[in-house]
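Here is the structure we will look at, set down as structure tokens.
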Amino acid sequence: MRLRDIGEFGLIDLLRSKLNPADHTVVVGIGDDAAVLAYNAGAHVLLTTDMLVEGVHFRQDIIDFCSLGWKSVAASLSDIAAMGGTPRHAVVSLAIPPDAKVDSLERLYDGMAQICAEFETHVIGGDIVKTSGPLVISVSLTGEVAKGKALLRSGARPGDLVFVTGHIGGSAAGLAFLENDQKALIPADEQLELTNYHQRPIPQITAGKILAASEGCTSCNDISDGLASELNEIAKASGVGIHIEERRLPIAPSVRNFARFSSHCATNWALYGGEDYQLVGTLDPLRYEEVADQCHLQGIPLTLIGRVTQGSSVLMETEDGYEVLLQARGYNHFAE
């Protein structure tokens, strides 16, 4: 059996079965956006890690080092957001080719410093090693959340409403834009927006805190691998089905415009592109308006895209009125 036969998530399940059971301080272990640890009476500790590998997650001709530093930390911040937590401290480890330019690494850390300042997070350590392979960036991040308030993937119930924060599909659109030979024909303001969607995503820390405080958010996930993948994770963890509507997907005008220009499908970017770092989850219908209003006051769009159902399938009603099954086809390491 090869990795391509079981994929990223199959490998995670296999390796998890080899580990010793967690002790009493582990509230939630492997299988959610971040681990939840109980170190004191009032709060739980969140712990997450993300790794970026050159040639897999980024290319130097697509992203500058300052933006790469920003995005490296954004991925871990988004995990903390999905748990409803407050980020605290980061450690950064690098595997660096010996011919790497020092000024490039300085710009990498400039970007990390920028996003850490934005979210009051601090890099407190890490490790650096030499590699003959590509540049590897690993960011581990701690956070905290009030005891019993962590948002998980596993609480969705039939009848709950499915929401998404912000806009989705922008990162995949931004990548396609940056790779497009005719990108100069796109209006300047849309060029900047598409570039930022891909290079400088904004983790939804504030939205996560609002959701955690609402007592009405029954599940949550961050959109790192694509909406379809994240919805399938919630459905599997919660033992439910999910039904969404294509017409409700919050796709920015700049993304739709570029999709038409480049003959791509904006819906596919939203469903399968990933790296949007928005939040998707489920809410008690009685709390939806209250949460949406609180998000609106903070300038955060909260869009209702569907509902939780009985069963186990994730379905989408297309704009043409057809019902299609959404496979977990987002980014999956090792899958073909």
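The values are calculated or read from the model by the stated rules, or taken from the named source; none is laboratory data. Remember, it's a predicted structure, so these values are computed and weren't measured experimentally. For neighbour counting, all protein chains shown are included, and Cβ atoms are generated from backbone atoms with ideal geometry for every residue, glycine included.
Here are some notes:
- Some residue of the range 280-299 being touching an Asp or Glu at 6+ places or on another chain (Cβ under 8 Å) and in a loop (DSSP other than H, G, I, E, B): yes
- Verdict on Tyr322 being farther than 18 Å from Ile234 by Cβ and aromatic (Phe, Trp, Tyr): yes
- Against the criterion of being surrounded by fewer than 15 Cβ atoms within 10 Å (Cβ to Cβ) and in the same structural domain as Ile244 (by TED's automatic domain parsing), Leu185 qualifies.
- Of all residues in the range 312-336 being over 21 Å from the mean Cα position of the chain (by Cα), assigned to a loop (DSSP other than H, G, I, E, B) and modelled with pLDDT of 85 or more, the one that is farthest from His243 (Cα to Cα): Asp320
- Residue check for Leu271: modelled with pLDDT of 95 or more, in contact with a helix residue (DSSP H, G or I) (Cβ under 8 Å, 6 or more places away or on another chain), closer than 27 Å to Met51 by Cα and among the hydrophobic types (A, V, I, L, M, F, W, C): yes
- The residue that is surrounded by the fewest Cβ atoms within 10 Å (Cβ to Cβ), counting only those in the range 256-284 that are touching a His at 6+ places or on another chain (Cβ under 9 Å) and within 19 Å of Phe163 (Cβ to Cβ), is Ala270.
- Criterion violated by Leu52 - all others in (1) in a strand (DSSP E or B); (2) exposed (fewer than 15 other Cβ atoms within 10 Å of the Cβ); (3) at pLDDT 95 or above satisfied: (2)
- Residues being loosely packed, with under 15 Cβ neighbours inside 10 Å and under 22 Å from the mean Cα position of the chain (by Cα) - total across the range 111-134: 3
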